[in-house]
Structure formats: C-alpha cells, structure tokens
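To start, the structure under review is shown below, and the notes come after it.
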Amino acid sequence: MTATVLHPARTTSQMVRGACPALSTPMMTGDGLLARIGLDAPIAPADLARIGELATRHGNGLIDISARGNFQVRGLTAASARALETDILRMNLPLRDGLPVETGALAGLDSHEIADPEPLSSSIRAFVSEHDLSRRLAAKFAVVVDGGGQLPLHGLLADIRLLAVRREESLFWQVFLGGTMATGRGLGLVTDMDARTCVTLILARIAVMDVPLRGRELDPAEVKNWLAPITLENAVSHAVTRPLPYGLLALADIRKAAARIGIPFGQCRAETLIDLGQQAATVGITGIRPAIDHSLVVFGREDACQQIMDHSRPLILSHNDPRAKISACPGKPACRSASLHTHALGEIAARQAESLLDGSLTLHLSGCTKGCAHPSKALLNLVGMNDGTALIFDGKTSDMPLKLIRHGEEAKALGALDELVRLERGIGETTAKCLTRLGPARLEQALSQGLS
Ligand code: SF4
C-alpha cells in the first residue's frame, strides 16, 4: 500500500549514502550505537512496519520516538549501522537532511492552524541549501516555524522561532531567539512577506562568525538591530501553553482525520511499530508520522483513525494518562551514563502517584544530569547520580538538588510527595500550584519524614 504523500519532500532516491547526517553518523549510547531517522512527511503504514523490522534485524529491537519527533534505532554496531543506513535509503522515505526547520506533523493540514508554515519553511530550507549554510551553523542548530493549531511546537527548543499570529485579516510572525516558547527571547513582529528575510538574515550573520553561536548565545539587542528595518513592534506575547491533545484531531479537509498516539516514555519495542504498521494498513490508514513529545500521528478516514486507536490501548490516548506527563530518558540499562532505571520508575509513578501527576506538571526522570529527555526546566526532576538520586525542584537537571535520595528509595520519595499533595491541595488547586505554594522547605520536610 502506498502512503498518501501529504507534503512533497526530498526522498531517499535523491540521496546517497552519507547524505543524511543523523543516519550516517550514529552516536554511541549505553546499548550500542543509535541512529536517528528524521522525516519531513508521513510514510506508508508498511514503511513503519519495515522500520520496525530493520530495528530488529540491525539493532537490539528498541526504538525511541524523540521529543522532537524522530525515530531512533538503538543497539547498533558500526557494521549494522551501515547496513541500516543502506536499507533505509533504499526505502525512498522523505528523510530530513540539512538544517532542521520544524513545522510539526499537522502543518498545512490542521483545521485550527493560523497559517500553513510549509511554504515559509521550504523557502528557508532552500536558502540554507543554496548557500550551503548547514555546515557553517552550530551542531543541533534548529529553526521552528510554528503555524499554531492543535499541536503547537511551544515545548521544542529552537535557535530561531517564528510563531504565526493574525492581526485582523493579516498574517504576521512573532520572532524568538533560543529556548522554548516560554523561555525564548522575543525580538518583535514581522510581516509574512518579511519572515523569510528575518530568518535568513540571522542565519547569514551567524554563518560568517568565527565560532557560530546558538540562538541562546546571541545578544538579543544586537539581533534586534539587524532586524530593525523589518521589525514592526518589539512587544511579543508568550502564548499560554496547554497540554498537547491525544486521540482524534480535526483536519481542514473534513473528509480526513488524524489521531495522535503517545509512546510511553518515548520508547517501544520494534514489534509495537511492526504491529501498528500492519494494523494501520489493514484498516486503511494512509500515512503515519512521528511527532513531537514522543508520539505518532496517523492519517486517514475518521473510522480508520478510531480503529487504530482502539488497537493501541496500551499506548497513550489521552492527556489524562499519567504517563503523558512523565518525561524519561532511556536511563538504565540502555544508556551507559545512567544511574537510574527511569522507565521502571516511570511505570511505578504512573500507577502510584495519582495526586502528584494531575497533568499540571512534568515529572522528569533522568538517568544523569545531561537531561536528554527534557532539557528545559521541570517542576520535579529525579536525576540519577553516582551516590544517589537528586530531587530537583523547579529547575533543570544541572541545578542544585533539593534532596539526595538513596538509590532504591525513589518510589518512596514520590510517594511522600504524592501524600503531601493529597493532604495539602486546596479545592480547585492544581498540583503544580500546590507544590509551588508550599515551597522547597515544605517539600524537603515531607521527603525527610517520608524517607525516615
Ligand atoms: S540523560 Fe544521561 S542517562 Fe539519560 S539518555 Fe541522556 S546521557 Fe543517558
């Protein structure tokens, strides 16, 4: 069965081995090499199943779906990584290459989007390719072009971010530098016509630097000066973030639908994808795409989407599923840097910390201080260290711990916090507000009592 090609994208038939850096330059992890497969468009259900088969044949059968919406095949050797690359390139997939210019899985299709970000992102990609800028930008440099809609890209880190806004009948783009939507520094508003110039101007300036800077390292005042001729106003509004929806999503074409399915802790066995791909083909799903926040989006008729959701009950189908609010890196034993069994602890937390995981906060479980699964701040972090597990409140994994918990007592610590929230939360108060109101000293006291 052939996927409905929802966006034209560069396919592997136009690529040669070594042309896709993420695939051709796998990185070492605790369970061998990891190769990333980034896609710019949906793929056929049969191709999803095929990726699962290749992960079993060449890797250890574990696949991540990353926070940015990439497949990551784990457990490869140098030889099997090359074989995987060859097999993937043969599949003629819409592989992403060059500078990531992210638009989201529903771009151009979403019934709620303010603007289709694809034309703008394509013209930025074309500029980067034409001037061969990718190799002159910092590794991991990323541009986000967010057209708004049901799956906003607010949580993605971006060196340059454009967010669509409408003023009366006209389309404008808010410009941000570095960070997530909440932490990025606003540079102002540009017209739709000037949006491409805005991004390409910043990229061109960075590309001639001796050491190319990341967006967060640039001086916003200086960048505002670069953009002064095209910036309309300095004020930008940071949109209110809300939980990303799971389940059925409405498309602009009312004859079609989409459904978002979450992968618990961003990792699954290859068999899960093989089964999903085969089932999707059977019910008439036309396309599947990995999406932000460790999820898959399937496209097809509404009844086909509903059938595939019914088939995916063990996965995340609602933002009320406590696992949807747990960010966990692969942890032990998958990563050799890890000192914490993140997924096992995540399963326990989802079952036992009902009051804590009310959907108002993110619980971040990290195998080490690198914080791969959630580089930005989280209200609660449990971070594996050599001498225990650090509980960090309202910060990043590298921040000062509130308490160091003995290895093996992490579930007990979460239980103590869950009990604290259950006793102290006011009527109508969320867990996030309750914990913030109680403050670090009260949390520390509850932890000490619970662990004594
Ligand atoms: S955060 Fe640390 S333990 Fe987790 S995947 Fe990253 S490097 Fe490994």
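The values are calculated or read from the model by the stated rules, or taken from the named source; none is laboratory data. Treat the numbers as computed from the prediction; the structure is a model and nothing was measured. Because the Cβ atoms are built from the backbone with ideal geometry, glycine has one as well, and the counts that use them run over all protein chains shown. For accessibility, only protein heavy atoms count, side chains too; no ligands or nucleic acids. Shrake-Rupley method; radii C 1.70, N 1.55, O 1.52, S 1.80 Å.
Which of the residues belonging to the range 366-388 are within 14 Å of the ligand (Cβ to nearest atom), more than 22 Å from the chain's Cα centre (by Cα) and part of a loop (DSSP other than H, G, I, E, B)?
Asn386
Exactly one condition in (1) more than 22 Å from Pro100 (Cβ to Cβ); (2) without any contact (Cβ under 8 Å) to a residue 24 or more places away in the chain; (3) assigned by TED's automatic domain parsing to the domain that holds Arg136 is false for Phe172; which is it?
So the condition that Phe172 fails would be (2).
Where in the range 280-348 are the strands (runs of 3 or more DSSP E), entirely inside, with at least 1 residues that are at pLDDT 95 or above and more than 16 Å from the ligand (Cβ to nearest atom)?
Filter on the range 280-348 gives 287-291, 295-300.
Is it true that some residue in the range 120-137 is assigned to a loop (DSSP other than H, G, I, E, B), free of Cβ contacts under 8 Å to residues at least 60 places away in the same chain and under 20 Å from the mean Cα position of the chain (by Cα)?
Taking every residue of the range 120-137 in turn, none turns out to be assigned to a loop (DSSP other than H, G, I, E, B), free of Cβ contacts under 8 Å to residues at least 60 places away in the same chain and under 20 Å from the mean Cα position of the chain (by Cα).
Hey, Ala158 hits all of (1) surrounded by fewer than 22 Cβ atoms within 10 Å (Cβ to Cβ); (2) touching a strand residue (DSSP E or B) at 6+ places or on another chain (Cβ under 7 Å); (3) among the small types (Gly, Ala, Ser) but one; which does it fall short on?
Only one criterion in (1) surrounded by fewer than 22 Cβ atoms within 10 Å (Cβ to Cβ); (2) touching a strand residue (DSSP E or B) at 6+ places or on another chain (Cβ under 7 Å); (3) among the small types (Gly, Ala, Ser) is unmet by Ala158, namely (1).
So which of Arg196, Arg125 ends up being out of contact with any helix residue (DSSP H, G or I) (no Cβ under 6 Å at 6 or more places or on another chain) and open to solvent by 40 Å² or more (accessible area, probe 1.4 Å)?
Arg125
Scanning the range 129-151 for residues that are buried (at least 23 other Cβ atoms within 10 Å of the Cβ) and of a type outside the set (Gly, Ala, Ser), which turns out farthest from Leu213 (Cα to Cα)?
Leu151
Can you tell me which residues in the range 400-452 are assigned to a helix (DSSP H, G or I), exposed (fewer than 13 other Cβ atoms within 10 Å of the Cβ) and not aliphatic (A, V, I, L, M)? Write out each step before concluding.
Just the residues of the range 400-452 that are assigned to a helix (DSSP H, G or I), to begin with: 410-424, 431-451.
Now drop any that are not exposed (fewer than 13 other Cβ atoms within 10 Å of the Cβ), which leaves 423, 437, 439, 441, 448-449.
Scanning the range 400-452 gives Arg437, Gly439, Ser448, Gln449.
Please enumerate the residues belonging to the range 365-379 that are closer than 16 Å to Leu156 by Cβ and either in contact with a Lys or Arg (Cβ under 9 Å, 6 or more places away or on another chain) or without any contact (Cβ under 8 Å) to a residue 40 or more places away in the chain (or both). Before the answer, list the steps.
First, the residues of the range 365-379 that are closer than 16 Å to Leu156 by Cβ: 371-378.
Gly371, His374, Pro375, Ser376, Lys377, Ala378 - these are the residues of the range 365-379 that are closer than 16 Å to Leu156 by Cβ and either in contact with a Lys or Arg (Cβ under 9 Å, 6 or more places away or on another chain) or without any contact (Cβ under 8 Å) to a residue 40 or more places away in the chain (or both).
Could you list, in sequence order, the residues of the range 138-156 that are of a type outside the set (D, E, K, R) and assigned to a strand (DSSP E or B)?
Listed by number, the residues that qualify are Val143, Val144, Val145.
From Leu391, Leu363, which residue is under 18 Å from the mean Cα position of the chain (by Cα) and at pLDDT 95 or above?
Only one candidate qualifies: Leu363.
Restricting attention to the range 246-253, does a residue exist that is over 23 Å from the mean Cα position of the chain (by Cα) and without any contact (Cβ under 8 Å) to a residue 12 or more places away in the chain?
So far as the range 246-253 goes, no, none of its residues is over 23 Å from the mean Cα position of the chain (by Cα) and without any contact (Cβ under 8 Å) to a residue 12 or more places away in the chain.
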